[in-house]
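Undergrad: Sharing a structure, written as structure tokens. Questions coming.
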Amino acid sequence: MNSIQKTNMKKITQALLLTTALTGISVSAMAKSNQVSVTVKKIEGYGESGDAFTFKAVSGKRYMVYNAGGTSPIQGEALIQHSAKSKQKICLVLDSYPNEPRMVQAVKKGACK
């Protein structure tokens, strides 16, 4: 890690600590807020370039997986297909941006803990 990266990491850490102090929300609670338990209702399909797909949860919310099955597939990607077939809950780890559809960073088996 070079000196610029170290400085940026230090600033991010300080901002996170200040945010948690002001809001009273713990870092672990903030991390858990980017996780959601879902049951996949339908795989909606791949984008034009074939490197992303969207799916809809039973709740009606849409999610997107980027680089689907490509050179850097997300952890647990196959669990999405399994949930669509078996109707079992999976835990999605989402990016921090509130975009729609939400970007999935990783998938874990079962409901989020």
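No lab work stands behind these numbers, since they all come straight from the coordinates. Every value quoted in this text rests on a predicted model; they were computed, and no experiment measured them. Cβ placement follows ideal geometry from the backbone for every residue including glycine, while neighbour counts extend to all protein chains displayed.
Undergrad: If I model a spin label as a point 7 Å beyond the Cα along the Cα-Cβ vector, how far apart are those points for residue 112 and residue 71 in nm?
TA: 3.1
Undergrad: Once the Cβ-Cβ distance between residue 49 and residue 88 is put in as r, and R0 is 35 Å, what FRET efficiency do you end up with, to the nearest 0.05? Walk me through the intermediate numbers first.
TA: Numbers: r = 30 Å, r/R0 = 0.85.
It comes out at approximately 0.70.
Undergrad: I've got another one for you. Local charge sum around residue 43 (other residues, Cβ-Cβ under 12 Å, Lys/Arg +1, Asp/Glu -1)? Don't skip to the answer; put the middle values down first.
TA: Values: positive: 41, 42, 56, 62, 85; negative: 44, 77.
Charge balance near residue 43 sits at +3.
Undergrad: Less than 16 Å apart at the alpha-carbon level, and either on another chain or at least 8 residues along: which aspartates and glutamates does that give for residue 108?
TA: Straight-distance partners of residue 108: 77, 95.
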